[in-house]
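What follows is a short report on a single structure.
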Amino acid sequence: MSKIWVVVPTRLPLVLRRCHACASERFRSSGKFRVNANHKLIDAWLLALCTVCGATTKLTVLERLHVRSVRPDLLDLLHGNDLGLAAELLQDPVVRRRNRIALDWDHAWRLDTGGSDQLEGEAIEVLVRFAARIPVRPVRLIAEGFGFSRAEVERLITEGNLVSAVCLSGRLSGDFTFTLKR
Ligand SMILES: [Zn+2]
């Protein structure tokens, strides 16, 4: 028996950065951009608001680029405050490094298991797919998917009844497969 589970984002992740106004460390982006064209050069930022005091922070998206070198469809998305573009940029390691930010994905994703089938007396192979690069703990994911406790999942791994080619005890953000032996 094989199944496919999908990790799906439900909203934009929080941006981890220290607020200069109140020392909070979390910002929430609503997908708003600011675009500034000066002569032939263009700058663009993704805006995010401090979750405590509401102060605005700007994440650099485009920096002093020649207007002509920017794809027109990208400009349209920036001007249209496109949520999909915001999600894509936040997941881009280059954007994160440039802005020195990390992301907080807590409560920003869900697991689609395609409904709960009866667990029958056979091995179940599950392919876990990631609709976005969301770092999650496989132990937590598997517990949620089967309705087990985390301790139960840990025990199944220790006993060798839950196996995978990847390490299930850390965090993963890319597709993997595991098998639950019965
Ligand atoms: Zn603040």
Report the residue count in segment 54-66 for those that are over 22 Å from Thr10 (Cβ atoms) and either surrounded by 14 or more Cβ atoms within 10 Å (Cβ to Cβ) or within 24 Å of the chain's Cα centre (by Cα) (or both). 9
Keeping to segment 22-35, report how many residues are at pLDDT below 95 and open to solvent by 20 Å² or more (accessible area, probe 1.4 Å). 2
Show the residue pairs meeting these rules: Cβ distance below 8 Å; 6+ apart or different chains; first residue within segment 23-47 and under 19 Å from Arg11 (Cα atoms) and assigned by TED's automatic domain parsing to the domain that holds Pro72; second residue of a type in the set (Asp, Glu) and within 16 Å of the ligand (Cβ to nearest atom). Arg26/Asp104
Whether any residue in segment 147-160 is under 15 Å from the mean Cα position of the chain (by Cα) and either among the aliphatic types (A, V, I, L, M) or assigned by TED's automatic domain parsing to the domain that holds Arg28 (or both) is what I want to check. no
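If we scan segment 78-85, do we find a residue that is exposed (fewer than 13 other Cβ atoms within 10 Å of the Cβ), of a type outside the set (Phe, Trp, Tyr) and under 26 Å from Val166 (Cα atoms)?
no
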Looking at segment 3-24 only, could you name the residues that are in contact with a Leu (Cβ under 6 Å, 6 or more places away or on another chain) and not hydrophobic (A, V, I, L, M, F, W, C)? Pro13
Which residues, taken from segment 49-102, are touching a residue at least 60 places away in the same chain (Cβ under 8 Å) and in contact with a strand residue (DSSP E or B) (Cβ under 8 Å, 6 or more places away or on another chain)? Ala86, Ala87, Leu90, Asn99, Ile101, Ala102
So, first residue of a type in the set (Lys, Arg) in segment 122-149, second residue part of a loop (DSSP other than H, G, I, E, B), Cβ within less than 9 Å, six or more apart or across chains; the pairs are Arg129/Asp175; Arg133/Gln91; Arg133/Ser173; Arg133/Gly174; Arg137/Leu168; Arg137/Ser169; Arg137/Gly170; Arg137/Arg171
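The values are calculated or read from the model by the stated rules, or taken from the named source; none is laboratory data. It should be emphasised that the depicted structure is a prediction, and the values quoted were computed from it without experimental measurement. Cβ coordinates were reconstructed from backbone atoms using ideal geometry, including for glycine residues, and neighbour counts include every protein chain displayed. Protein only, heavy atoms only, side chains kept; ligands, DNA and RNA dropped before computing areas. Shrake-Rupley method; radii C 1.70, N 1.55, O 1.52, S 1.80 Å.
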